Every structure is written in structure tokens, then in C-alpha cells.
1. How large is the Kirkwood hydrodynamic radius of the stretch A:573-705, counting all unique pairs of alpha carbons, in Å?
2. Taking the Cα atoms of the stretch A:510-650, what is the range of coordinates along each of the three principal axes, in descending order and whole Å?
3. So what is the relative contact order of the stretch A:772-875, in percent, for Cα pairs below 8 Å that sit 6 or more residues apart?
4. Report in % the part of the accessible area of the stretch A:642-798 that belongs to carbon and sulfur, leaving out ligands and nucleic acids; probe 1.4 Å.
5. Leaving ligands, DNA and RNA out of it, report the carbon-plus-sulfur percent of the accessible area of the stretch B:83-221 at a 1.4 Å probe.
6. Which residues of the stretch B:35-55 end up with at least 20 Å² less accessible area in the presence of all protein chains than when their chain stands alone, using a 1.4 Å probe?
7. What is the distance, in nm, between label points placed 7 Å from the Cα along the Cα-to-Cβ direction at A:Leu644 and at B:Val72?
8. List the relative contact order of chain B as a percent without decimals, with contacts defined as Cα pairs under 8 Å and 6+ residues apart.
Amino acid sequence: MKYIALFILLFSYQLTISQEKKEITIKFENLKKIDVLKSIEAQTQYRFYFIENWLDDTLITGDYYNQSIKDILNIIFSKTDINYYISSDNKIFLTKNNLISDSLPSTFFKSTQKENKPTDSIITESIQYNENNIIQSDIIETIRIGKQNKNTNKKKYILSGYARNKNTNSLISNLIISVKGKNINFVTGSNGFYSIELPIGINLIEVKKLGLSSLEKRIIIYGDGVLNLYLTDDVEELSEVVIDASKDKNVKEAITGLTQIKTEEIKNIPLVLGERDILKVAITLPGIKTAGEGSSGFNVRGGKEDQNLILLDNGVIYNPTHFFGIFSALNPFTSGDVNIYKGTIPAEYGGRLSSVFEINTKNANDKKVSGEASIGPVTSNITIETPIIKNKSSILVGARGTYSDWILRSLDEESLQNSRASFYDIVAKYNHKVNEKNNIQTTGYFSKDQFSITSDSLFNYSNRLASLKWSHTFNDRNYGSLILSNSQYKFNIEFDGNSTNDFDLGYEVNETELKLKMNYLLNDKHKFDYGISGKLYNVDPGNIDPLGQQSIIESIEIPEERAFESGLFVSHNYNANEKLSLNLGIRYSFYAALGATNNSIQRVYTTGLPRNQTTLVGEESFSKNEVIETFGGPEFRISARYFLGEDFSAKASFNSSYQYIHTLSNNTTVSPTDTWKLSDSNIRPQQGNQYSLGFYKNLKNNTFEFSLEGYYKTSKNILDYKVGANLLLNQTIEAEVLQGDGLSYGIEFLLKKTKGRLNGWLGYSYSRSFVKLESDFAEEQINNGDFFASNFDKPHDVSLVLNYKLTKRFSFSGNFTYQTGRPVTFPVGSFILNGVERVNYSDRNAFRIPDFYRLDVGFNVEGNHKIKKLAHSFWNISIYNVLGRNNPYSVFFVTDNGDIRAFESSIFSIPIPTITYNLKF
Amino acid sequence: MKKINLLKLYVIIFSFISYSCVEEVEFENMDSFEDVLVIEGTITNEFKQHKIKLTRTFQFEENEPIPESNAVVRVLSSSQDIYEFQEVEPGEYLSTSEFSALPNNTYQLKIITASNQEYSSMPVSLTSTTQINSINVERQFNGNGTDGVAISVNSFDPTGNSRFYRYEYEETYQIIAPFWSRFDAVVVSENPPDTEVSLRTREERVCYNTQFSTGIIQEQTNNLTEDRVTGKVVRFIASDNFILRSRYSILIKQFVQSPEAFSFFETLNELSGSQSLLSQNQPGFINGNITSITNPNERVIGFFEASSVSEQRIFFNFIDFLDRGTDRLPSYIVPCNFTAPIEDSALISTIQRRSLVFFRENDDDQNIIPPGGPYVMVTSECGDCTLIGSNIVPDFWVD
């Protein structure tokens, strides 16, 4: 009984009002009912959902001509206890006894309920509680917590526990626990722990999560207690229910500018060379852009590429891409959800101005071995999850690699034989549940790229990261975690053209962070997060060494850099009333540039004059770990949500932050040689403020999600470059850079359809991004000191992602992107000075490269959906850039012996078809 | 068959990713061309007629800048002197009177173009004076591993005020025609063809050629404790360069620059240098110290300077730097070939056009050169240096 009720509950989400009337002609003789249903399925689009033993084995006969499905079913089931419901997408759900209603239960997902007042009246009700009051047909389990004590005047108690998957015993994160009609909600974190405060007496608790059967429990609470929740997988309609659970999160959450991407959602999106890619999906959402195909960073809300904190299981990834940014370096099989904070950044994170990409690796299955594999034209990918100690610890290992090197080498074409292009990445996550109160998880990640940029150079880079997290629950109200992480990014260029200029160049950045984060639940209105973090940076900006005997390159070594960054944070989540929710965060950020070696040099320039060779007056020497310069200040992370109506909210936020590490990015070239530079006595930290306001509305039972967000951002000390600046291995880099003001604003529109045969989204943003480099000195002033378009200012950006399910197994998908071309600096003429022909350039970024547009299409075939099947397979056939549009990524100019030569780099100018085979076991 | 096709696809993809993603494109700047005034102007502490050059930017398809003619050009000094400049050649303006820039004065360049646009420089003052101490000539290998002679400058400013230097040079080399003869073939009659041999009437054996440095050669001593330029190579000549064949002379001028002028020219140089795909300079417009009064947003290229200058000249013969056993002097500018054309109308026109020059008579005393005409003629430059130089001995020349 209970099972069926849950079944109904689940499916009632997706029922819609409209029904189609289709006529059917069918004839059958002495068939079992099940066979009749099968023959209807065979002839029509209708699909039946039921449990086989509901149907008796009596044989039936019938002959219908142009009858509606309803009429036929009415006759077939006329003398049985079977009811049915026909959904708009031709699904027929059979139920035993219960009739499915077209409309949602009125309490479903409503956070505000007029008839219920969660105050004293409830207490009265609960004291009079009597078992006979339970409605007869009720199938909800009732659980009593604590003993009734008439002498207490305490009106609220805490219920806590862990949520687990009944089948795998894994902890369930992002599970929504809500108390019906009482505006009490909790979302579990990665540790699966929940803790809610309930008013004394009867509470109806509802537990929801994508892909899991929902659960309802009636809790009668008279004291603090523990209740562990066990949920089962929802086998059927997985993807659709998945989207449901956090459906109104966009409307409900108090923070602005949060984008969530679920791995499951992106399965059907057309692929580039067969790679499913979370970060590529991110850039189809408004507010997140790249400078172009093949750019390795992201520009979030008009911010520079270096302003994004990309975290994989709490560790920083400096370069999250492979192959110039064509693929993301994150394994799609191991990645769970991705949260992108582009508006309000949680107070626990700091150090970047524009956004935080929070990527969590899935927890491994600790019950049985499972895995996923894919074979594509460029890469193969395999992921295995296995328990180490059943129900206690498990490990997930994912590995991905290219075999292009092998392909290139096996070709006859001589020009290609020596070229190299390969990458791989490995991720492993280990989970160990020590006991009810302690949980340990550790992640290791390594990615490496190696390829030739020109035929005689070899470029390689790698990311390495390790993180360890210990979560501990102190009591019902307090829990926390201690995180230790270390990341390293390095690159190396070897240029071996058998010339006198052969060289070998290396760069490395390394950081280690220790962070303590605590959560304290005061009551259902007040929740606190607080903690402290400390991070040590070590940068080895590199060395260049001659390669071979005849090389005349001089060895150059740029001295190492070191710095310490720390943050102290508190954030308060306050549900002021049913409508207003506030998130008040403050973080004190502190930074100290330290001497890296015992003779660390800081160059001193004449104050009040532009920094260049002519104003360099001396050097100051520091010993190891001696403080060179300190910076710091408070950062505010404030946001508020107000319900304007049912499923309609407005949110506003203010976000400020400091950033102490900058990239030196020479975006006029094709090479991904961005290096990171720490703030020091000559380079100040960047500082940014963002104001945003948004409106969120869900329509038709969350089938449509609509959001409109606007933002206005100002920033200071944004790094840019003087005319003529050369950044690679420059020993006086501070004399090449300028720091100026940034300004960006924009409006983002997103319409998402999450259910139905046709789903997808349409995103549009109008956004501008400017830089101002103003100075009293011509050398330091760019474009007359006025605001000018930044390198990634792309005002119009449209993305349409659509997925159409033909049948349960076949689907089409397509996505279309249009963007204004990015600004570039153009040569605008020649002139002769001192007898040499030279090139006159335009104002910086005064021109634009052609607009970008691209259409990709895909066709997906899923294997059949037998539950007991050994493995599930999935084919994806896609064509990237169907229109064959040559979208230049950059246009740049090289002066060679007085001649100006123009180069255009583009990544995929032809349609790229791919077939990928995925296997899940 | 299918497999091969698939492999081909990979080739396309990977050649694309590996290195074909950068392709050279035809570049035309028809749409983007910006017409900008270019000003070259340096006044010095030399007492002379100073020169200001005005041109305009030109499109990439063109080869020559357009001169800015008929402009009113003057330099104003803080001591109320006005020096007028007059156009002597299109775009080249010379001061009507001789003057020298003086210390403790500031100078400002004012220009009004024919289209009535007014431009003005920032006031600049004369930089401090530093003498060239010596010029060294040394046989060495340069940065590219080329064998040659390096001509370098040493200078020292004990006051430490100079610090920023720019160099120009004028080099003069002697040309000695290797197959010169005292005699020449002259045409007596075109029809019938008749020629005779007579003495040459002018100097055609030893000539001189002078060329000026181009580009920007700079040096700074700002990060040194002493304001001392040591061994700054201003000119490097490869040992196979024809100009080293005979006596050679170079005049090196050392300009002391202001820090602002130094960094302007330095940036200009950085932008024009050859760059690899791996290390690009940030391109952009370089602001000088000249602005438009009429339209402050108009862009102007150039830097007006008042530089103190010092110069020194040296002479040397490359042969003194040679290792007699193995080294050889550089070969003549052109290969010298001999022929003896038959006396006919073709020979007449050869002599008249001077496309070949008389070397000797084609007689039995020496080898008879085919096809056996009356005179052995040589490649013209090999017998007459005036075709590639001037036969006037420069005033400064010391043998």
C-alpha cells in the first residue's frame, strides 16, 4: 500500500492538464490484459506503467474502431480495481484503487500556507493528540520522538540525523527536508546530515531529492531526537524527477546569481568531439562567457578570466581545461553537481572577485561495484566506484585520456608524425564513514596536457590537487569540517627548432590551504556558518634555459614569490518571516606578501612617476618569510529574498571581495601561457563590488523557470598592460602592467523548460564590460583615460539549448549560440619614424572581430530501460558547428622585418561529427 | 575503406588543433585606416639649421608616407625666441636661421597645418651634456653568431644626470673599383660603328658612399651606480659586408634623452621588433608629447625633443682586423664579369648606356676574351665607382 502511494505521489508531479484525444483501432481475441496493453503500445505512442501482478490472467476479447484510448481502457478495466491516468506525453499510469488527480496536492511545495499558523495553535493541537485522529486511509508512517512532558514550556525541539540511500547506503546530499505547511526547510550537505527544529507535536515531514523516491513521515516530537532517513532510488522517470526536487530552489534561495548544473541534465546536449562537458554547458547560461572558442578561462559578469575560483572538492584548479580550452579538465562521469556563484559568493570563499565554481565529485557507491565508460573519437573515459568496506568506505576512480598521439604517429603523413596532442586526467575520491559523527573524504586529481603549438615547440601543462576533508558532528546544533588542500599548476614550453634560439621554459604555482568551517543552527530562523582559513602561495615564475650547445639564449631566472592569505568569516541565514529571508555574511580578508628566499628583491620606483626603467631607483631586500607588504579588509556578502507571490520572488544582493593573485595574460597570442602573479609592494590587490537585483518566477508547477537578473559591478586595480608590454619572463613585470578601474553591468534573462518532451533553455544577456586606465602620464594612460571595452566585452549573447524526446529511447538535441565579436586592437596604418616603417595601432580594443555563432546538433539513443539489465548503454551522435562557420577566436598581428602580417586563429571552422558510446554498469 | 576515412577525419581535427588553428590571413585596412599626423623633431645644442619632418600615416598597400606640406612650423623658447621653419622639401622643414638649444630654456613645437589644424608639443628642456669618451672597434661574433666588427661607444657623465641615450650614426665607406683602367672606350661614330680608346676625364676609381642609421638605438644607465656607458654596440657590420672592403669611417652621435622621450622610443621599438607567436607585445597607440589643440581627441604620433648631442668619428681599415692566413676581404658589391663584344651597334649602345665599362684592349699579350671584340669590357660597377658612390672626397676624410 505504502509503495503504491509513493508511486502516485511521485508521478503526480508531472501530470499536466491537457490531454490529447487520439483514436485507436484495435482488435484482440482471448488475450491476457497485459498482452492487450502490449499490443496497444505496439500500435500507438502510449506507454503503460504498472506493476504486473495487478493484472489478472483472465482472457479478454474486443474489437474497437476509432475509439479513444479512454473508452478502450474503461472497458478493459471495467470489472477490476485498476484506475488509470493518461499524461500529456502519452504515458498511461495504472494504479490500484487510487485515482490519480490532475492537480497537485494543495500543500505540495508550498512554503507559505495560509490555513496553517505555525504558532501556539499547533501546540494545542498536538497536546490533544490522539491516535484515533489519524485518518483511516493514511499510509504515512508515524514516528514518535521523545516523551511528552507536560511540565516543559519548551515549544520546539531539534530532530537530526543522516539521510542515506537504502540501496547503496551512501549519504544523500542536497536532500530537501521540509515540514509541510510550516516553512521549515533544510537541505543536506555532502555529509547527508540534517538538523531541523520542529514545533512540539505533530509535524508532517517531506523529504525530496532528484532521482529518489520522496518520503513522508509524521513526526510526533516531544524532545530532541535522531531520525535517520532511508530513501530508495526512483528507478523510472529518473531524469524528470531529478529536476523536480530542487525545482523551486531558484525562487526560494536567498542568494542571487547562483547557477546550478547537474551532470544528468547535460547528458543529451550535443558534444564537441564526443565529450560531455559541464563547463561547456555553463557557458550556455547567461552571465558566463569565454573570450572565444579555445579560450581557457571564463568571464563571469564582465570579470576577467583570473577572477574565478574553481574548486574541485575544495581544492583550487588553476586551469580547468584541456587543449586550449576545447575540453574541460573535469571528468563528466565523476563530477556531481556544479554550483556557480556569480552574484553572492558565500562568505566561506574568498580571493576572487567574479565567481566561485564549486564542483563536487560524486560520492562512490559503498554497496556494490559500479561504473561508467565511454568511447569517443578523441577520448575514452572509464569510471569505477567500489566499496572498500561495505557501507563504510568506498572509492571512486575516473580516468580519461586521448589516443590521438597514437593516431598521429600511425599516419603516413610526415608533417603530422612528429606532432603531439594528448591529454589525460585522473580523479580519485575516497569516502570513509568513521562513525555516526565523523566522516572523512579525500580527493586526488591530476591532469596533464601536451601538444605542439608550432611544429618545433612542445608545450605541456598540468594541474595537481589533493584535498582532505574531515566532517564532524558535535551535537544536534553544531557540526563542522576541517579541510586541507593543496594545488599545483605548472607549464613548460620547450622550443627546439634547431636554431640558436632554442629554449626550455617553466612556470609553477602552488598553494596549500587549511580551512575550518563550522555550522551552528540556533533555531529554524537563525543559522550560522563561521570559520577561518589560511592559504600559503608559492609561485615560481620560471626560468628560461638554453637548449642545446649552440643556443645563445641566456639563462634567466625570475625569483620566486610567496604569500599568505587568510580569511575569517561569519554568515547568518535569517528567515525573518514567511516572505523575507536574509543572508548576511562578512569575511575579513588578510594578505601578506612574504620573502620567498633569503634574498627576495622588491624593486623600488620613484613615487608619483610611471614605473619603467627610467624611474627604477633601487631594490629592497627581504629575508625568507619576512613580510613585504600587507593588504586586507572586510568583505560583505549580503543578500535577501522576498516572496512577491506564490513561486515568485525578488532578490537583491551586495557582494564585495579582494583578490590578491592576478594572471598575466597575453591575450593577443594563441598560446596559453598565462602566468599568475602575487600582489606585492608594486602590484596592489584587486577589489570589487557587485550590486544585483533579480526576479524569479516558476510557472506551471515549475515546468517553466523564468529569471531576470541585473547587476552593476565596479572594481579597482584591475590589471592591464602598457602598450608594448611583454609579459613572458619579464624580470620587471611591474613596469609592464597598469592597474585601473573596471566597470561592468548587464541584464540576464533565462527561460528554462524543465519537463516534457521538449525541454531546454533560452538565455540572453546584454552586458558590457569596461576598463579605465587613467594617469597623468601618457605612458600609463590608455585610450585618453576613458573607459574602454575590455577584451571580453560581448554585449549580446544568446544561447538556445533544446532537447526533444522522440520516444523514451530516442532524442534530438540542438544548441545555438550567438555572441557579439570580441574587441581587438587593430593596426590602422603605417608610418615612418627614424627611417623605419612602423605600424600605427588603433585605440585599444577599438575594433571587433566578426560576430560568433554556432549551431550544434545531436541525436541520442539510449539502450532499453530494463531495470535488471547488466549494463545501460547510451549512444550519442553529434555534429559540432553544423553550419561550418569559421569563428575567429582572435586576430593578431606580427611585425616581421617591417612587414605587418595578420594572423587569425580559429578552432573549429568545419562541422565536426562525432559518435560516442557510453556504458553504465 | 571506412576506417581510412575516419582516420582522415582525425587528421583534419588534429592538424587543426595541433597547429593549423593559426593561419595567416590577408590583411587590408581599407575600413580601419586612420590618417594621423607623424612628427619627427629633435632640436639639439648644435648651432645649425634644425629639421622638423611632417608626414602622414599611410595604408599598408602603399609604400611611401604622404608628406604634410605647407604647414606653419615654429619652435618657441621660454626666452621668447621664435624660430620659424620653412619647407625645403615636401614635408621637410628647416629652421630659417641657425640656432642652438640652450640649457635652462624650454622649447615648444607649434604646428599649424594647411588644413588649419593646430598642434603643440609639451615644453621640453635641453638634456644635460655628455661627451663620447671613445669609440672602439673590435672583431667579434654578434648575438646571432655572425662574424664581424662591432663598433661600440664609451661615455661617462660624472654628474649622473644623463642616464638615457640614443644613438645615430653616419657611416662613409670608400669604394675602389677593382677593374678600373685609366682608359675608356668612347664612341667615334654610331653609323658605321666606330670606337676608340681615350683617357678617362674624371675620378672613377675611388669613390665614397655615406649612409645614415635607421631605427632607434638606445642605451640607459639608470640601474647602474655610475652614469657610464661601456661598450654599447652602435653598429655591427658582418665581415662579408662589402662596405668593409676598403677604408671605412663612422660618425657616431650620442643624444641624451629625457626619460619620457627614452620610454616613448623604447616602446616604439618594442612594438616594431620581430615577435614570435609565443611572446607578443601588447599592441596599441603610443602617446607622445604632441597633442592637437584644435581637437584634443585627435591622435598625433611623435615626440619633440631638445637633446644635447656629442659626436665622434673614427676611421679604420678592415684589413687590419684580418687574420692574413685564413681571412679574406669581403667580395666586391657585384661579381665582375668580362666580355669582349664585337664592334657593332650593340657595342655602341653598351658604351653609351655604360652598361659595361672598358677594362683593357683584347690583344694577344693577354688571353683573348671571346667573342673576340676589340675591348675587354667589365661589369660597369667594377670599372667605374661613380655608379655606386660619389667621387668627391668628403671634407672629413683622412686617408
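The values are calculated or read from the model by the stated rules, or taken from the named source; none is laboratory data. Predicted, not measured: the structure shown is a model, and the values here were computed from it. Here the Cβ is made from the backbone with ideal geometry for all residues, glycine too, and neighbour counts use every protein chain on show. Accessible surface areas use protein heavy atoms only, side chains included; no ligands, DNA or RNA. Shrake-Rupley method; radii C 1.70, N 1.55, O 1.52, S 1.80 Å.
1. Numbers: mean 1/r = 0.0521 Å⁻¹.
Hydrodynamic radius (Kirkwood, Cα only) of the stretch A:573-705 equals 19.2 Å.
2. That gives 74, 38, 31 Å along the principal axes, largest extent first.
3. Rounded, it is 24 percent for the stretch A:772-875.
4. Numbers: 2930 of 5320 Å².
Of the solvent-accessible surface of the stretch A:642-798, carbon and sulfur hold 55 percent.
5. On the way: 3050 of 6690 Å².
Answer for the stretch B:83-221: carbon and sulfur cover 46 percent of the accessible area.
6. B:Val38, B:Glu40
7. So the two model labels end up 6.4 nm from each other.
8. 18 percent
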